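Written out below as structure tokens is the structure these notes cover.
No lab work stands behind these numbers, since they all come straight from the coordinates. As the structure is a computational prediction, the values presented were derived from the model and not from experiment. We place every Cβ from the backbone using ideal geometry, glycine too, and count neighbours over all the protein chains shown.
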Amino acid sequence: MIFGAGFANSYWLFALFRFGLGAGESACTPLTASIVADMFGKKMRAFAMGFFNWGIYFGYGMAFALGNYVTEADINGLGWRWCYWIMGAPAILFAFILFFSVKEPEKKQTQILEGSDYEPVELLPLKSRVGSTLKMFFTSPVMIFLLLGASIRHSASFCWSYNSQIYFQQYYPGADIGLWMALDSIVGGTFGIIIGGILSDRLAAKFGIKTRLWVLVGSQLIAGALACGTLSTAPPYAFVYLLFTYFFAEMWFGVLFTVLVEFFPAAMRTTAIAIFIFIINNIGGNAPLIVPPIREALDLQKSLYITYAGFYGLS
């Protein structure tokens, strides 16, 4: 779908490829999080989740590099199309490698997070699995607050990612956005998610599984403060603040899914993560729609103080 988007010759055909991409990748996180949980014990589970999700930050960072430099180079007069071909071709190759090399591990029941009240179960029928999963979601205070916090945190990411380039172009024209955004995301994000996983695993081993939530709370409070630094300073200092913002902000992702797989029984795990992602993606994915009216009432910078830095801290 990524590769095909480069051949789109109309808005609706391009949108169709994007819908196809979303449908295809939507299964990735629920399935892989469950596989990682089966392959790694509690002492390394958050680290393994973080390591697996390195690809998010490489992809996000490369989007700025390719989107700015490759489009500007206008190779053979095809501009932005090369961005999709360059990133889509390797994806096809890796899909075949994944299909023939990765095997389904044996299902293991994870240690239970405090607040998850159930007995281990065998594989349930789809209807029962979805119903039981939804019941656990909305009858557990832990899961309700986790879902609310993750939705706000995800909203902060989307509000920033959709407006970051516009922000720097508007306030600091001439800044080398492609290079800095790529470096900040790749370096800050990848180190942050790994360190967050290691810290979470060590705390969980010493003080219990519930202490993984300490990492979620602490990292986002620090990220919110650093995001204010990003918005209040000019480049290159803004990009230095952004590097550390990514470092702390992205600690959440691997830890979050580790908490989820330790909360739900193995038979519900993939379904639970799918439902969780569906909710936070729909809330977070539509959050950028609130930025324009706030920007009109205030300005872009103040709107990002609220929806970017503010949402980090609130989450």
Cleavage-rule hits (trypsin sites (Lys or Arg not before Pro)) in the stretch 1-100: DSSP loop, at most 15 neighbouring Cβ within 10 angstrom: Lys43
Dipole in debye (nearest 20) - the chain, about Cα centre, beta carbon charges: Lys, Arg +1; Asp, Glu -1: 620
Spatial separation of Cα centroids for the stretch 193-223 and the stretch 238-315, in angstrom: 17
Förster radius 35 Å - calculated FRET efficiency between Lys43 and Thr139, Cβ distance, rounded to 0.05: 0.70
Pair Asn282, Val187: separation of 7 Å Cα→Cβ label points (nm): 4.0
Pairwise FRET efficiency - Val217 versus Ala73, Cβ, R0 = 45 Å, nearest 0.05: 0.55
MRE, 222 nm, helices only [DSSP H, n ≥ 4, -39500 (n - 2.57), over the chain, to nearest 500]: -22500 deg cm²/dmol
Relative contact order, percent, the chain [alpha-carbon distance under 8 Å, six or more residues apart]: 30
Computed lengthening from Asp176 to Ala205, 0.36 nm per intervening residue step minus Cα-Cα distance: 6.1 nm
Net lengthening on full extension, Val240/Ala225 (0.36 nm per residue, minus Cα-Cα): 4.1 nm
FRET efficiency, Leu16 to Ala91 (Cβ-Cβ, R0 22 Å, nearest 0.05): 0.80
Relative contact order (%) - the stretch 175-262, alpha-carbon pairs under 8 angstrom, separation at least six: 43
Mean Kyte hydropathy of -1.0 or more with a Cα span along the axis of at least 24 Å, helices from DSSP in the chain: 81-101, 141-171, 190-207, 212-232, 269-286
Exposed GluC sites (Glu not before Pro) absent: longest stretch of the chain, with sites in DSSP loops and at most 14 other Cβ within 10 Å deemed exposed: 123-315
With at most 16 other Cβ atoms within 10 Å, longest stretch of the chain clear of loop chymotrypsin sites (Phe, Trp or Tyr not before Pro) (DSSP): 119-315
Charge-dipole axis of the chain as Lys and Arg at +1 and Asp and Glu at -1 on Cβ define it, positive-most pick from Ala23, Ile152, Val261: Val261
Length gained when the stretch Ser232-Gln165 is fully extended (0.36 nm per residue, less Cα-Cα span): 22.5 nm
Estimated inter-spin distance, Phe3 and Trp80, nm [label 7 Å along Cα→Cβ]: 2.2
Size of charge dipole - the stretch 156-315 - debye, nearest 20, with Cβ of Lys, Arg +1 and Asp, Glu -1, no other charges: 460
Ratio of Rg to Rh over the chain (Cα coordinates, Kirkwood Rh, two decimals): 0.97
